[in-house]
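K.L.:
Please read through the structure below; I'll follow up with questions.
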Amino acid sequence: MDLGDILSYKPDTSSKRPRQEEEEEEKDEVAAPPLKKSNGSIAEGELTDEQKLKLLQNLSDDEDENPEVLDAGAVKRMLLSFEKQVLKNQEMRIKFPDQPDKFMESELELNDEIQSLHIISTVPQYYSLLIGARTINTLCSLLTHDNSDICIAVIDLLQELTDTSSIDETEYTEALVEELLNEKLLALLVQILERLDEKVSEDKEGVHNTLAIIENISEILNKPVTTAAGEQGLLTWLLKRVRIRQYDENKLYASEILAILLQDHTPNQSLLGNSDGIDILLQSLAYYKRRDPHSSDEIELMENLFDCLCSSLMYPPNRDKFLKGEGLQLMRLMLQSKKLSRRSSLKVLNHAMCGGGAECRDNCEKFIEIFGLGSLFPAFMKTPRGVKKGTGTEEQEEHVTSIIASLFRHVSGGGRDRLVSKFVENDHEKVDRLLELHLKYKNKIREVDESIRNERRYRVTTGGDEENEEEMTFLRRLEAGLFKLQLIDYIITELCLSGIPSIRGRVITILGQRGGALVDVVNVMREYVDGLGEENEDEKAEKKRLAELLKNFETSI
């Protein structure tokens with residue numbers, strides 16, 4: 001009777017008596033012990049679930065009923081056996097360098113030893129033994145092994161050892177990761193990435209696991225990894241990998257790691273700029289100028305590349321490289337298209353043009369020169385296709401208003417006249433849209449302010465108190481759209497002082513119809529100016545400029 005018969009077996013419960021021959025046969029057989037339930041009583045009819053599971057376990061464990069407990073002693077024995085096999089393989093390779101058949105058996109045994117170490121990932125509390133026994137040093141040395149299969153096996157092992165799926169393991173993995181970095185792991189991983197041929201399935205998986213190690217380590221020790229990645233060549237390899245036109249999973253993974261390394265890390269942003277990274281990112285994104293990604297994963301890849309470009313533009317010298325690489329022209333073409341890249345191109349333009357440096361001014365002037373206003377204002381009048389309602393819509397509105405505000409800040413002369421004239425054409429439709437956004441975010445801020453006042457009244461009556469109340473209030477107002485409202489009202493201020501009476505008259509009329517007035521804009525602008533920092537000369541100059549602008553606006557009311 002096989003296992004299926006055992007589990008499905010049910011005794012005969014019919015009222016018929018057994019035949020006489022069957023009764024005699026049963027008398028001759030040794031009576032089997034009755035099955036018992038978990039509470040000790042004899043089972044009636046069929047096996048319980050607990051008995052079925054126990055039976056399956058007994059059948060599967062027939063080779064080893066008492067497996068060895070993985071304690072510190074067992075781990076030490078595994079590490080000792082591994083080190084012996086490494087030495088044996090080295091000796092065989094030295095003794096028979098030109099006879100692979102002589103040392104191949106030792107390499108198969110070495111591969112088996114590496115596979116046996118995977119179980120240590122289940123007991124991270126013993127990671128210190130790997131460090132103390134210098135096993136980490138040995139594993140890293142095997143990454144330069146002549147046999148790529150051995151390298152891939154070590155990569156697979158390190159990926160499991162550094163896995164951060166459990167938060168409780170972090171304290172054990174930190175010491176392990178620090179030791180790996182001390183052994184120049186990232187430089188070794190880059191050498192592996194250069195060696196592997198992704199046309200071979202095993203090598204392709206090895207590349208994926210290598211990138212997984214880097215991601216795991218960055219989650220544990222972000223700053224050291226980010227710094228070492230630039231110094232040890234990883235960032236350069238990632239740029240080469242995302243440059244490949246054809247999409248695959250490893251290209252997506254490489255773009256994710258690149259985005260992590262560039263985020264808020266000026267040295268890597270600088271290194272990318274010096275490695276022609278801006279041009280590489282623009283060339284990679286140009287593919288999506290006239291075509292959409294074919295899958296959700298490829299959409300994620302495209303967004304990662306846009307994020308990399310935005311992070312790179314946080315470093316001012318890269319904005320000049322973006323200008324010279326005709327990045328503005330590419331983003332303008334994306335704005336004109338009806339593809340998914342349109343929404344992210346606004347974000348890139350915002351990063352390229354927002355700020356106080358000469359690079360931002362040059363980008364703003366060039367944008368008007370290449371007729372960028374004709375591509376920008378359709379996005380201002382209507383949210384681009386593919387943007388989700390709610391947060392996504394508001395993000396797009398912030399990018400567009402921020403770009404327009406930057407243009408007013410940096411552009412003068414004929415370029416400024418062209419900008420202002422956009423708000424006059426088609427019966428001031430863009431002024432109407434601007435005031436629509438003003439009223440939208442003004443109402444959102446009003447609702448938040450009312451909620452905050454009610455909460456304060458409640459705390460006064462109950463005697464409660466809230467720590468950091470001022471900071472929390474500011475964050476809530478910011479989340480409701482305070483910064484967007486400030487940008488919008490800055491644009492309104494610039495337009496009202498542009499010297500075109502019809503624009504000012506339109507603003508006053510619409511605000512009056514909605515129960516508002518220009519003084520509402522003044523109040524928002526005053527809060528905006530008061531909140532600006534003065535940490536450097538650019539910030540001081542901008543605050544002084546806006547204060548003078550506000551003074552002129554108040555005088556004109």
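The values are calculated or read from the model by the stated rules, or taken from the named source; none is laboratory data. None of these values were measured; they are calculated from a predicted model. Ideal geometry is used to build each Cβ from the backbone, glycine not excepted, and the neighbour counts take in all protein chains shown. Surface accessibility is based on the protein's heavy atoms, side chains included, excluding ligands, DNA and RNA. Shrake-Rupley method; radii C 1.70, N 1.55, O 1.52, S 1.80 Å.
K.L.:
How long is region 102-206 along each principal axis, judged by its Cα atoms, biggest number first, in Å?
P.N.:
40, 27, 23
K.L.:
Moving on. Hey, if you drop one equal point scatterer on each alpha-carbon of region 185-235 and run the Debye formula without solvent, what base-10 log of I(q)/I(0) do you get at q = 0.16, 0.22, 0.31 Å⁻¹?
P.N.:
Cα-only, vacuum Debye calculation for region 185-235: -0.44, -0.76, -1.17.
K.L.:
Using 0.36 nm per residue of separation minus the Cα-Cα distance, give me the extension gain between Glu300 and Asp320 in nm, one decimal.
P.N.:
Answer, rounded to one decimal: 4.5 nm.
K.L.:
Report the calculated FRET efficiency for Thr236 and Tyr458 (r = Cβ-Cβ distance, R0 = 60 Å), to the nearest 0.05.
P.N.:
Rounded to the nearest 0.05, the efficiency is 0.55.
K.L.:
Right, something else. Can you figure out the FRET efficiency of Gln191 with Val519, using R₀ = 56 Å and their beta-carbon distance, to the nearest 0.05?
P.N.:
Given R0 = 56 Å and the Cβ-Cβ separation, E is 0.25.
K.L.:
Does anything in region 126-152 have its amide N under 13 Å from the 7 Å Cα→Cβ label point of Ala175, and if so which residues?
P.N.:
Correct set: 126-134.
K.L.:
For a test of the definition: using alpha carbon positions, the gyration tensor, and the 1.5 limit on a/c, classify region 290-414 as rounded, prolate or oblate.
P.N.:
Since a/c reaches 1.5 and a/b is larger than b/c, the shape of region 290-414 is classed as prolate.
K.L.:
Hey, which of these cross-link pairs are over 26 Å Cα-Cα: Lys184/Lys347; Lys366/Lys444; Lys422/Lys444; Lys382/Lys442?
P.N.:
Lys184/Lys347; Lys366/Lys444; Lys422/Lys444
K.L.:
For Glu537, Glu471, Glu429, what's the largest-to-smallest order of accessible area, 1.4 Å probe?
P.N.:
Glu537, Glu471, Glu429
K.L.:
Related question: Working out 0.36 nm times the residue gap between Glu554 and Glu429, then minus their Cα-Cα distance, what length gain in nm do you get to one decimal?
P.N.:
42.5 nm
K.L.:
Same structure, new question: Given points 7 Å out from each Cα along the Cα-Cβ axis, report the Glu447 to Lys76 separation in nanometres with one decimal.
P.N.:
Placing both labels 7 Å beyond Cα along the Cβ direction yields 6.6 nm.
K.L.:
Can you compute the modelled spin-label distance between Ser141 and Asn274, with each label point 7 Å from Cα toward Cβ, in nm?
P.N.:
3.4 nm
K.L.:
Distance in nm between label sites at Ile119 and Arg416, each 7 Å beyond Cα in the beta-carbon direction?
P.N.:
Placing both labels 7 Å beyond Cα along the Cβ direction yields 7.7 nm.
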